[in-house]
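**Student:** So that we are looking at the same thing, I have put the structure below in structure tokens.
The values are calculated or read from the model by the stated rules, or taken from the named source; none is laboratory data. Just so it is clear, the structure is predicted and the values come from calculations on it, not from any experiment. Heads up, the Cβs are rebuilt from the backbone with ideal geometry, glycines too, and the neighbour counts pull from every protein chain shown.
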């Protein structure tokens, strides 16, 4: 199975001060399922469009950090199978991909992982 860095996509980011409706609009316009949340230049969490939409329906005055999950990271040199294990263990739909220096290089979603090859 290939390295996770091969399927990492650019990581969209949202400012934590945006309204939930602005965040949803950004994700829809940019066809993103998830975005990292920044506060004063530091990554503080991740949100999914699904969680934001659910939250927006129930409480229109909510803020983005109320729907954030923790950032789960993996190095770009790890195998996709390892990323799948981490996502399953943490019940996460995606992981943040970093280079060897810990710099974010993108996001990898579970649904984008290459399927394992079966021996016949």
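**Student:** Return the residues of the range 60-84 that are modelled with pLDDT under 85 and surrounded by 14 or more Cβ atoms within 10 Å (Cβ to Cβ); say none if nothing qualifies.
**Tutor:** Matches in the range 60-84: 62, 63.
**Student:** Out of 17, 89, 57, report the one residue that is loosely packed, with under 14 Cβ neighbours inside 10 Å, free of Cβ contacts under 8 Å to residues at least 60 places away in the same chain and touching a strand residue (DSSP E or B) at 6+ places or on another chain (Cβ under 9 Å). First the steps, then the outcome.
**Tutor:** On the way: 89 fails: touching a strand residue (DSSP E or B) at 6+ places or on another chain (Cβ under 9 Å); 57 fails: touching a strand residue (DSSP E or B) at 6+ places or on another chain (Cβ under 9 Å).
Answer to the selection: 17.
**Student:** Same structure again: Has the range 26-34 got any residue that is in a strand (DSSP E or B), in contact with a strand residue (DSSP E or B) (Cβ under 8 Å, 6 or more places away or on another chain) and closer than 25 Å to residue 99 by Cβ?
**Tutor:** Yes, that holds for at least one residue.
**Student:** Inside the range 31-57, can you point out the residues that are modelled with pLDDT of 85 or more and over 14 Å from the mean Cα position of the chain (by Cα)?
**Tutor:** Within the range 31-57, 39, 40, 42, 53 meet the criteria.
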